[in-house]
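Novice: Below are the structure tokens for one structure; questions will follow.
The values are calculated or read from the model by the stated rules, or taken from the named source; none is laboratory data. Since we're looking at a predicted model, the values are computed, not measured. Cβ placement follows ideal geometry from the backbone for every residue including glycine, while neighbour counts extend to all protein chains displayed.
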Amino acid sequence: MCFRLVYGDFELQLALPFEEHIEERLNQVIGQTDPPQAAERGRNDLARRIVELITALLEGELLPPTPKQLKYALAIARELTLELPSDVLQYREAMTVFLNTYAEQYRRRKGYTGPAAASSP
């Protein structure tokens, strides 16, 4: 069985393929009946946490990069003669991908040696 997130009467559905033990736990929380107030509180808490997680995921895609990320990306682009794509300048998620892709190459080019390299003979 698979949980589904359904949006009203619009027939928009999203399958949520949880592992079996998670589905069992969700069934316990959602189907809890005793005592009624505790069951309702548990379902409300679950709903609130799901909303918070989905909101954070979606807003994370839309947040702009931090000033520190922008400064670092500009330094990397300058050093490696790269052009910064517009989405990297607009969205934190794209910025994170850019930094993860080029940061190590940038550090090597700049001669950065981490703590492990500094303690080597």
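Novice: In the range 28-47, how many are surrounded by 10 or more Cβ atoms within 10 Å (Cβ to Cβ) and either in a helix (DSSP H, G or I) or among the aliphatic types (A, V, I, L, M) (or both)?
Specialist: Number of matching residues: 13.
Novice: Determine if the range 65-78 includes at least one residue that is farther than 30 Å from LYS110 by Cβ and assigned to a helix (DSSP H, G or I).
Specialist: No, the range 65-78 contains no residue that is farther than 30 Å from LYS110 by Cβ and assigned to a helix (DSSP H, G or I).
Novice: Would you confirm whether any residue within the range 51-62 is out of contact with any strand residue (DSSP E or B) (no Cβ under 7 Å at 6 or more places or on another chain) and at pLDDT 95 or above?
Specialist: No; the residues of the range 51-62 include none that is out of contact with any strand residue (DSSP E or B) (no Cβ under 7 Å at 6 or more places or on another chain) and at pLDDT 95 or above.
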